[in-house]
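Remarks on the structure that follows.
FYI, it's all coordinate maths here, none of it is from the lab. Treat the numbers as computed from the prediction; the structure is a model and nothing was measured. FYI the Cβ positions are ideal-geometry reconstructions off the backbone, even for glycines, and counts take in every protein chain you see.
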Amino acid sequence: MNKRVAVISPVCLLEKYSTDFHLVLTQYYLKSKEYREFYLKRRTAGDFIILDNGAAELKTAVDGSSMMDIVAELRPNLVVAPDVIYDDVQTLTLTTKFCTWYARALHSREVGIMGVPQGGSPEDWLSCYKIFNADSCIDWLGISMFYTPKFNKRLEVLKLIAPTVQKPCHLLGLWDNPYDLLEERKFDFVYSIDTAKMIEFALEGLTLAEWAKHRHLDDDWYFGLSDEGTACHRELMTKNVRDFIKLF
């Protein structure tokens, strides 16, 4: 498999930095006409689209009914099932309900389901992973950056699941160090990643190599940036995006 990168960019820069592989954030699809129209156009063009559930940003997933309304309009390739960060019990409950209610309708439209294992400890995370890995309703696994503190690095997670994983995996987000990808990309089952880091770094005047100086940026501020507000950073943004894609 060729590795794929979904660039999470401000709405004003979607045309400039998006690849043909996308992670669509449900909350912005619902509230931004420009964001929604861009991805409808990309789907018509045949791009690969993952519809995210919003849990990482909102701390709770967008409800399944709202996501299914988007599915009917956008026709994504994959939908991320509901998860709760660090909570395996709630994640299993929500994902099981989502699959029970919607798997048949999604699969009949050739839309796959991505399950996102969660857990408050490595043992809980691995237990959740094993259930999702064996579940025929789940087509992909999402390996989130939010597991990283529990395992020190996401690389530890990938090494643990390598002998048993049966599904393609998408890396959901990235902690600050982009060079972790040099090891993460070596696993055949790791297919793709989404991140905004390369553009966030540029907004702070940082190259990928200067990642350690990065500070968290507010999501709504980031997505609401204007052309004028990003113009002075475009050259570095372009370099960072190009360099990041080369890494992966």
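Near Y39, within a Cβ-to-Cβ distance under 14 Å, what is the net charge of the other residues, with Lys and Arg +1 and Asp and Glu -1? Surrounding charge for Y39 is -1. Hydrophobic, long helices, defined as DSSP H runs whose alpha-carbon span along the helix axis is 27 Å or greater and whose mean Kyte-Doolittle value is at least -1.0, occur in the chain at 88-108.
Checking the a/c ratio against 1.5 first, then a/b against b/c, what shape does the Cα gyration tensor give for the range 1-136? Because a/c hits 1.5 or more and a/b exceeds b/c, the range 1-136 counts as prolate. By the Cβ distance rule of under 4.7 Å, the chain has these cysteines without a partner: C12, C128, C169, C232.
Among rounded, prolate and oblate, which fits the range 106-248 when a ≥ b ≥ c are the square roots of the eigenvalues of its C-alpha gyration tensor, a/c under 1.5 means rounded, and a/b larger than b/c means prolate? Prolate.
What are the lysines whose alpha-carbon lies under 16 Å from the alpha-carbon of K239, with same-chain residues fewer than 8 places away excluded? Here the lysines satisfying the reach criterion relative to K239 are K16, K197. Given the alternatives [x] 17.3, 49; [y] 18.5, 58; [z] 17.7, 55, Rg and Dmax of the Cα atoms in Å as computed for this entry is given by [x]. Ignoring aspartates and glutamates fewer than eight residues from K33 along the same chain, the ones with Cα atoms less than 18 angstrom from its Cα are E15, D52, D69, E73, D219, D220, D227. Charged neighbours of R109, selected by a Cβ distance under 14 Å, balance to -1 (K, R count +1; D, E count -1). With the helix formula -39500 (n - 2.57) applied to DSSP H stretches of n ≥ 4, the chain reaches a computed 222 nm mean residue ellipticity of -13000 deg cm²/dmol. For the chain, a simple Cβ point-charge model (Lys and Arg +1, Asp and Glu -1, everything else neutral) yields a dipole of about 560 debye relative to the Cα centre.
The alpha-carbon of K97 sits under 15 angstrom from the alpha-carbons of these aspartates and glutamates, leaving out residues fewer than 8 places away in its chain: D63, D83, D88, D135. Here H216 and T238 are evaluated by their C-beta separation; at R0 = 30 Å the FRET efficiency comes out at 0.85.
Our note on the geometry: Cα centres of the range 89-157 and the range 180-227, 23 Å apart. Each Lys or Arg adds one and each Asp or Glu subtracts one; over the other residues with Cβ under 12 Å from the Cβ of T95, this totals -3.
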